[in-house]
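Peer 1: Quick one: structure below, then a few questions.
The values are calculated or read from the model by the stated rules, or taken from the named source; none is laboratory data. All figures in this text were calculated on a predicted structure; none of them were measured in a lab. FYI the Cβ positions are ideal-geometry reconstructions off the backbone, even for glycines, and counts take in every protein chain you see. The accessibility values were calculated without ligands, DNA or RNA, using every heavy atom of the protein model including side chains. Shrake-Rupley method; radii C 1.70, N 1.55, O 1.52, S 1.80 Å.
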Amino acid sequence: MAPVIETRGLFRQFGALTVADNISFRLEPGARHALIGPNGAGKTTFVNMLTGVLAPTSGTILLGGEDVTSCSVAARVRRGLGRTFQISALFPSLPALDNIALAIAERDGVALGLWKPASRRTAVTDETVSILDRLGLGADVRTRVRDLPYGKQRLVEIAVALALRPKVLLLDEPAAGVPSIESGRILDVLAQLPGEIAVLIIEHDMDLVFRFAQRITVLVQGRVLIEGTPQDIAADQGVRDVYLGESHG
Ligand SMILES: Nc1ncnc2c1ncn2[C@@H]1O[C@H](COP(=O)(O)OP(=O)(O)OP(=O)(O)O)[C@@H](O)[C@H]1O
Ligand SMILES: [Mg+2]
């Protein structure tokens, strides 16, 4: 089967700085894959190229075997590429429910207006409630996003991404800034994501990475240092030297 995502020889320069340096990468169907590396390694830049927010200087990006290098963000979303949005992309003064319903409307290409048949609105509400339920947010559907604890706000981001029915989910530091008392909940949600969705996660929390990922790619200064199983990565002296402590040996 074709990889869900593949990059071939991806380069990106910012002026004299090379932030992606010949990245050839494959994300397999149903993968649980982590992209790790020091601050400034180019992880977010790489994801921004995958989603189409940023164009590569050269190289090729394929989704499901098709070249999407020059496709728009929206065209990639239509092909099943999901990602977590930044908090600022949520509507903080709207309830969690409405944030998801708007994502569903975007997915289905309809404006959510009062003129919509009641049956349609009911279907959207049912789907929305079921997504929020699955993420353990069933009690929070009517709560405005800004009144939710930060960890739950990040879960609403994941819910928005799931509402787009992705084949692949790109998560850029889903637990960043979340107090540890709430971050366990995020790990639970990640563990329960549908197996058919391939997941690429960028994360600095090594406990989370090593519990979640079946494959790990280490990026250093825009270059793939190594890719392998968590065992390969934990045992690699080069990785220890640049990034990991001794805690996973
Ligand atoms: N729009 C831009 N213009 C110029 N330089 C940029 C731009 N975006 C990112 N960079 C630089 O590219 C490098 C890689 O940044 P990037 O945000 O991709 O790293 P990262 O691996 O996600 O880091 P972190 O772990 O801190 O999130 C950094 O040196 C950053 O300053
Ligand atoms: Mg980043």
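Peer 1: Mind checking the dipole of the chain: about its Cα centre, +1 per Lys or Arg Cβ, -1 per Asp or Glu Cβ, Debye to the nearest 20?
Peer 2: It comes to approximately 720 debye.
Peer 1: Whose amide H sits under 5 Å from the amide H of L225, counting only residues 5 or more places off or on another chain, with H placed in the peptide plane?
Peer 2: Under 5 Å from the amide H of L225: V218, L219, V220.
Peer 1: A further question on this structure: Measure nothing fancy, just the Cα-based angle from helix 180-191's long axis to the longest principal axis of the chain, in degrees from 0 to 90, nearest 10.
Peer 2: Compared with the principal axis, the helix lies near 90 degrees.
Peer 1: Using a Gaussian network model on the chain with a 10 Å cutoff between Cα atoms, which of T122, T44, T84 fluctuates the most?
Peer 2: It is T122.
Peer 1: Follow-up. If you rank S70, S58 by how much accessible surface each has, with a 1.4 Å probe, what is the order from largest down? Before the final figure, lay out the partial values.
Peer 2: Values: S70 120, S58 55 Å².
Result of the area sort, largest leading: S70, S58.
Peer 1: Towards the positive end of the charge dipole of the chain, with charges on Cβ (+1 Lys, Arg; -1 Asp, Glu), say which of S24, L148, T229 has the farthest Cα.
Peer 2: Of the listed residues, the answer is L148.
Peer 1: Ranking request for peptides 125-131, 17-23: highest mean number of other beta-carbon atoms within 10 Å first, then the rest in descending order. It would help to have the intermediate numbers written out before the result.
Peer 2: On the way: 125-131: 15.9, 17-23: 18.6.
Averaged packing, sorted descending, gives the order 17-23, 125-131.
Peer 1: Quick check on segment 151-249: take the gyration tensor over C-alpha atoms, sort the square-rooted eigenvalues as a ≥ b ≥ c, and tell me if it's rounded (a/c under 1.5), prolate or oblate.
Peer 2: Numbers: a/c = 2.14, a/b = 1.62, b/c = 1.32.
The shape class here is prolate.
Peer 1: With runs of 4+ DSSP H residues as the only contributors, calculate the mean residue ellipticity of the chain at 222 nm using -39,500 (n - 2.57) per run, divided by the residue total and rounded to the nearest 500. Write down the numbers at each step before the final one.
Peer 2: Values: 9 runs with 90 residues, N = 249.
After summing the helix terms and dividing by the residues of the chain, the value is -10500 deg cm²/dmol.
Peer 1: Turning to a different aspect of this structure: Hey, can you grab everything whose amide H is under 5 Å from the amide H of L81? Only 5+ residues off in sequence or another chain; H modelled, so Pro and N-termini drop out.
Peer 2: K167
Peer 1: Quick one: what are the phi-derived ³J(HN,Hα) couplings along segment 130-136, Karplus 6.51/-1.76/1.60 with θ = phi - 60°, whole Hz, x for glycine and proline?
Peer 2: Residue by residue, segment 130-136 yields 5, 5, 5, 4, 4, 8, x Hz.
Peer 1: Out of segment 1-96, which trypsin sites (Lys or Arg not before Pro) are coil in DSSP terms and have no more than 16 other C-beta atoms within 10 Å?
Peer 2: R79
Peer 1: Pop a pseudo-label 7 angstrom from the Cα along the beta-carbon direction at both H204 and D241 and give the gap in nm to one decimal.
Peer 2: Spacing of the two 7 Å Cα→Cβ label points: 2.4 nm.
Peer 1: Using only Cα atoms, find the angle between the long axis of helix 96-108 and the longest principal axis of the chain, and express it within 0 to 90 degrees, rounded to the nearest 10.
Peer 2: 80
Peer 1: Can you give the extra length, in nm with one decimal, that the chain gains between D67 and T143 once fully stretched, where that is 0.36 nm per residue apart less the Cα-Cα distance?
Peer 2: On the way: separation 76, 0.36 × 76 = 27.36 nm, distance 4.11 nm.
Stretched fully, the D67-T143 segment lengthens by 23.2 nm.
Peer 1: With θ taken as phi - 60° and the coefficients 6.51, -1.76 and 1.60, list the Karplus ³J(HN,Hα) couplings across segment 25-38 in order, rounded to whole Hz; mark glycine and proline as x.
Peer 2: With the stated coefficients, segment 25-38 comes to 8, 10, 10, 7, x, x, 5, 10, 10, 10, 10, 10, x, x Hz.
Peer 1: So who's got an amide H within less than 5 Å of the one on D172, skipping anything under 5 residues away but keeping other chains? H placed 1.01 Å off N, in plane.
Peer 2: Close amide H contacts, sequence-distant or interchain: T84, I202.
Peer 1: Among DSSP bridges having both ends in segment 5-248, what percentage is antiparallel? Round to the nearest 5. Spell out each step's value before the answer.
Peer 2: Details: 21 of 37 bridges.
If I count the DSSP bridges inside segment 5-248, around 55 percent turn out antiparallel.
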